[in-house]
Structure formats: C-alpha cells, structure tokens
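The values are calculated or read from the model by the stated rules, or taken from the named source; none is laboratory data. Everything numeric in this text was worked out from a predicted model, so none of it was measured. Quick reminder, even Gly has a Cβ in these numbers, built from the backbone with ideal geometry, and neighbours come from all protein chains shown.
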C-alpha cells in the first residue's frame, strides 16, 4: 500500500514530470500520420537519477515514470491537461509498481524451479506484431512510429511483463481449475430464465477505488476519462491502459450481458441508454464503471418482423370518396402480388403508389394498426388496406422471428467460467504480493 508520505511525494515528483512531458509531442498510436517527425527531446539533465518509487529495494526512476506517462498518453489518445496529468501519473506509477512486483516474483520462481518464464525479446516482438496488425500497420511501420514518439522501450517492457505474468498464471493454475457440470448447468438455467429480458452488448472501464486511493479519486479519474473519450480518445485504448477489470486485455469488451451479470447500478444506467452512447461515471461498492453501449436487444419473448409496404398518400381530413378510391386501388394491387419479392416490382408500375422495404422492427414498436396486421399475418401474407393519418397502406410480412441472440453452448459457458476464475486467482495473487512488499514512493 502507498503511504501518506508517498502520496505527498508524488506531487513534488509531478512538477518535474510535467516539465519533462512538455519537452516532446505526444499523440494517439492509432493516428500514425500525427506522429512527430523526430524523437521527443531528451529529459532534463539529471532527471533520470531520481527515484519515483522503490519496490523491495528495486528503483523505479522518474525517467521510467515519465516514459510510461508518455506511453499512456500516446496509446490512449488522452490529451494531457493540468487536471488529468495527476491521474495519468498515478496510473503510470501503479502499473510500474505492479509490473515490478510481477517480474520480481517471476525471477524468484525461475531461480527456484530452474526454468524460464519471463518473455524473451522474440516473444515481445510477436506481441508487437499483433498490435501492429490491429492498427493495420506492418511491424516495421508500427515500431518506427513508436520509436518516433519515444515510447517503444516502455511499451516493450509493459508487454514483457504482461505476457510473462499471463503465461505464469495460466501455466500454474490453469491445469488445476475444474469447472463442474453443475456450475455450467446453473449458468445455462439462469440464461433460460432470463431469456425474455433485455440484453446489452457492452464495453467497460472499471476504476478500482482501492487501487487508485479511494472512491473520490476513482470518481474524479473516471470523469476525466469520460471527458477525454467524448473528445475522441478511443474507448478500447483507454480501457487497456486504465481499466482494472479482466476485460482490459480485450479493450474493455464484456460482450453480451444480461440481468444479474453486472452491478445493479450499471444495469439501471444501461436500461436508460441507447446504442452508441457512453455513460457518465457509475459509482458501485468498490469502484467506478464507465460503460459504452454498443448494441441492445430484447429478450427472446419479443418477435421481430420484416415488413414491406405499398402506400397511397391520403391526408387526414380528406373526403371519404378519396379514401375509398385509394382503398379500392390497393385492393386491386393486392390481387396482383404473389409474394413479398414482387410487391415493389408490381407497385412500381402504378402511378401514385409508393412501395418500399420497411426493414426489421419489433412488433411491440409498431404503430397500432401495423402491429395488429403483423401479429395476425403469417410470413408471405399481405394485409387488408390500413388507414393512417398519412395515407392508405397494405403491408406484407416478409419475415418473422424471435428476437435475442443465440444461446450459449455448454462449452462457451465453461470457457467463460474458466477465465473468470483464472482472473480472480490473478487478482488475489497480486493483492498478496502488494501486501507482502515494501513499497515507497518519493
């Protein structure tokens, strides 16, 4: 745990780091064309000689800290300001401390068990190549851009620690984990019971209050991240660097979630959101969530229809003779249509009749007159003429299905539970390492 003296020390260190960061341009990794043409200026003389933290007698220098801050800024697209720089510095320091503890533990295990765990340079190069592919760049282009921004070495060390730790956790504990059939069955039964309720496709950032120094700090940090994402910082990049959730490794992708899978406070927020919306910070018991709602679907109890229509414009208040004439024309047209496929073709030859595909919609979302027709008709059938304020219509039901996604298979459930438990073990392992360590920041 970081002491009060350590927290006070951060402020003094931060003054020098602000000056250092100001010496070089930084930009988002996804925007290669914005990278500076030459490497950032070197740090001020003597800056690298100071200790930002000491972890079990191993020094993390202010130069290391400043480089990690550069990396956070470059890879997330977050623009440094006077308000968010302390948060960036804190996150960089926490990450460096955790990585130092992980590598110390892995070196201890290597000595005891006489085999290699820590990722080699070749392993790190493979990780970089995967990142380059994700950015639609060659490995050479990607590393050149990173080098021009002065963050290549810092990213390599971050990747080395992450890859090594994941390999160790999965190798040590993965073979011991057993997901029982009763666990899988319980998840499948819960899914079936909740099949009629809405589901949300979510990306998440979770700021752990205990990790960053309290709920007030977590809320302020989340507010700053939301502001940066609203200004264009990519959600996935922010999640990878700032989120404490297991989904950070996948850019915050939590997939489709249903009732009971996220804290109630988050569920309530999701119910009020529209696809494409970013939430405000959502405080929960142990931290703060930021969620991005990518998509939303109703439960399996809802029915979705695909409709086509042919219509004649008849304004509200038109004389009854005009309404009846439009009705007669659509009845005559209806007799010429043999399937959904030829509705538009048949109608296109009729003056004053407009035809088109209305796409898919849930029956419950349709206007009452259209809803009644959609519920009563089978696929391929056409309605009788329907009067609305806009005109006279006939609709064809071209498709009808239950909404909601496909059910999870037992194998998918088992895999999800496996990685959830593995992530829980890794977090407990890190908690024990922190509690046993001597950590001082200056």
- With respect to residue 309, is the statement that it is at negative phi and assigned to a helix (DSSP H, G or I) true? no
- Message: Given the criteria in a loop (DSSP other than H, G, I, E, B) and either assigned by TED's automatic domain parsing to the domain that holds residue 338 or closer than 9 Å to residue 306 by Cα (or both), does residue 399 qualify?
- Response: no
- Item | Leading residue by the ranking (nearest to residue 293 (Cα to Cα)) among those in segment 209-227 that are in contact with a helix residue (DSSP H, G or I) (Cβ under 7 Å, 6 or more places away or on another chain) and at pLDDT 90 or above | 225
- Note on the structure: Residue hits (segment 84-143; assigned to a loop (DSSP other than H, G, I, E, B) and either assigned by TED's automatic domain parsing to the domain that holds residue 210 or buried (at least 17 other Cβ atoms within 10 Å of the Cβ) (or both)) are 84, 117, 118, 119, 137
- Residue check, residue 215 against (1) under 23 Å from residue 418 (Cβ atoms); (2) in contact with a strand residue (DSSP E or B) (Cβ under 7 Å, 6 or more places away or on another chain), all met but one. Which one? (1)
- Return yes when residue 421 is more than 27 Å from residue 306 (Cβ to Cβ), free of Cβ contacts under 8 Å to residues at least 12 places away in the same chain and assigned to a helix (DSSP H, G or I) and no when it is not. no
- Item | Out of 359, 405, sole residue that is on the phi > 0 side of the Ramachandran plot and at pLDDT below 90 | 359
